[in-house]
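Comments concern the structure below.
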Amino acid sequence: MHIMALQNTQGAAGGYLASAEFATMLDRLGEVAARTGLNVAHGQQVIITAPLHAVPLVRRITEHAYKAGASLVSTFYSDEETTLARYKYAAEDTFDTAAGWLAGGMTEAFRNGAARMAITGSNPALLAGQNPERISRASRANSRVNRPAMEIITNFDVNWCIVAAASPAWAAQVFPDLPVDQAVEKLWQAIFSVSRITGENPVADWEAHNAVLHRRAAFLNDARYSALHFKGPGTDLMVGLADGHEWAAGAEKAGNGIVCNPNIPTEEVFTTPHRLKVDGTVAATKPLSHQGTLIEDIRVRFEGGRIVEMHASKGEDVLARVLDTDEGARRLGEVALVPNSSPISRSGILFQNTLFDENAASHIALGQSYTKCMRDTAGQDEAALAARGANSSMIHIDWMIGSGDIDVDGIYAKGERVALMRKGEWVIEA
């Protein structure tokens, strides 16, 4: 079905979107996003970016942000049809152009303490069939102008959060065998469920969940492993960890002192790998949805931290362009551990959206490191952080390598091994 036609069916989703149950769940998601996700401070400005279909959720988040004390909430909307129009009709010499004025304004706002709320949920196949070179050029241009703002986020200088809103186009990709109205209803219900807002007190449920994640992160921080070893079908990967790495999970304190949950949902504990100390082979356990392409059966080989060989049964050309973004794109910026029994994994749904799919399985990320996952970084520039193992890149792309067949060991500096996960499940108690 044509994308515009899909968009026009959203309001008719079997009556569910007009039901009292949906209104209650949407309001709960808005409250969790504003209070648990961002934890908006009194007098703080909030910047929201969202697709047009997310207006109902934006309104709920905005209401709860003001109730929490926000001084001003500003929302910037994107529209899939106008995004697509650029790739269809714009002149060939314009795809290296990006809205630097907007990126500059965002950067200034974050430097002045504004909180960042991003609502995801656009059609993952929107750019399928469009010129991949144009997509790549536009992506690089956007990455360049957004780099200063991205550094504020990856440094965790301000409180930020990502949540999702279902759309007919996205739902049709996730549930292609269902009528669109049923697909939208099923996707919304899945979002509500895995975002932990279906209980009587979602805020309290999130506090309990964060406590479990923090205990796992504390165990790993106390252990001070020098590397992780992933082993399973198609995977024999040694991931060295950055000098002075720090495990993080769930709600964390941003540089402005505000404790926030950057991802709603989240199931991971994660840290910074050493950009020069990754060796071996690894096979993806789930497809990677990237810029309109579903990249399937990724297999890569690392030497000295760098991908030196890569294959994919579908979308290999797109993956190759990603790896050529810059020097850091072939190195890792994140490694994360997620149990195979996570709610997202148990749902059996491939969301084709990184916010969800990365929380279904242990994963690694190509590109930029999160310096929040390193200790004692005050006063250290990019060169000093790189010497400790932090990676630098214009991209940060997560892809899943965990499953019920993957074992993970923690490796001490002297070579001693400790079982962390067996068949995708935690061995350590939380």
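The values are calculated or read from the model by the stated rules, or taken from the named source; none is laboratory data. This one's a predicted model, so the numbers in the text were calculated from it and none came from an experiment. Note: ideal-geometry Cβ built from the backbone for every residue, glycine included; neighbour counts use all protein chains shown. We work out accessible area using only protein heavy atoms, side chains counted, and drop any ligands, DNA or RNA first. Shrake-Rupley method; radii C 1.70, N 1.55, O 1.52, S 1.80 Å.
Here are the numbers:
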| quantity | calculated |
| --- | --- |
| The stretch 289-304, subset in contact (Cβ under 8 Å) with a residue 40 or more places away in the chain and not in a strand (DSSP E or B), residue surrounded by the most Cβ atoms within 10 Å (Cβ to Cβ) | I298 |
| Residue list for the stretch 311-333, restricted to those being open to solvent by less than 40 Å² (accessible area, probe 1.4 Å) and not charged (D, E, K, R) | A312, G315, V318, L319, A320, V322, L323, T325, G328, A329, L332, G333 |
| Meets criteria (touching a residue at least 24 places away in the same chain (Cβ under 8 Å) and open to solvent by less than 40 Å² (accessible area, probe 1.4 Å)) for N256 | no |
| Filtered residues of the stretch 199-211 (kept if closer than 15 Å to A248 by Cβ and surrounded by fewer than 14 Cβ atoms within 10 Å (Cβ to Cβ)) | A211 |
| Residue list for the stretch 266-288, restricted to those being among the hydroxyl-bearing types (S, T, Y), in a strand (DSSP E or B) and open to solvent by 30 Å² or more (accessible area, probe 1.4 Å) | T281 |
| Selected residue (only one of S347, S362 is open to solvent by less than 40 Å² (accessible area, probe 1.4 Å) and among the small types (G, A, S)) | S362 |
| Residue count, the stretch 82-128 (criterion: in contact with a Phe, Trp or Tyr (Cβ under 9 Å, 6 or more places away or on another chain) and either in a helix (DSSP H, G or I) or surrounded by fewer than 13 Cβ atoms within 10 Å (Cβ to Cβ) (or both)) | 5 |
| Residue list for the stretch 348-365, restricted to those being in contact (Cβ under 8 Å) with a residue 60 or more places away in the chain and part of a loop (DSSP other than H, G, I, E, B) | I349, L350, F351, Q352, N353, E358, N359, A360, A361, S362 |
| Residue satisfying all of: in the stretch 371-430; at positive phi and touching an Asp or Glu at 6+ places or on another chain (Cβ under 9 Å); most open to solvent (accessible area, probe 1.4 Å) among these | K423 |
| Test for V308: is it outside any helix (DSSP H, G or I) and in contact with a Gly (Cβ under 8 Å, 6 or more places away or on another chain) | no |
| Residue that is outside any helix (DSSP H, G or I) and closer than 16 Å to A166 by Cβ, where the choices are A70, A50 | A50 |
| Contacts under 6 angstrom Cβ, first residue in the stretch 157-171 being of a type in the set (F, W, Y), partner part of a loop (DSSP other than H, G, I, E, B) and open to solvent by less than 10 Å² (accessible area, probe 1.4 Å), 6 or more apart | W170/G121 |
| Qualifying residue in the stretch 149-166 (condition: modelled with pLDDT of 95 or more, part of a helix (DSSP H, G or I) and crowded, with 19+ Cβ neighbours inside 10 Å) | no |
| Residue match in the stretch 191-198 (condition: in contact (Cβ under 8 Å) with a residue 40 or more places away in the chain, under 30 Å from Q44 (Cα atoms), open to solvent by less than 20 Å² (accessible area, probe 1.4 Å) and in contact with a Cys (Cβ under 8 Å, 6 or more places away or on another chain)) | no |
| Options E31, E92: the member that is within 25 Å of the chain's Cα centre (by Cα) and charged (D, E, K, R) | E31 |
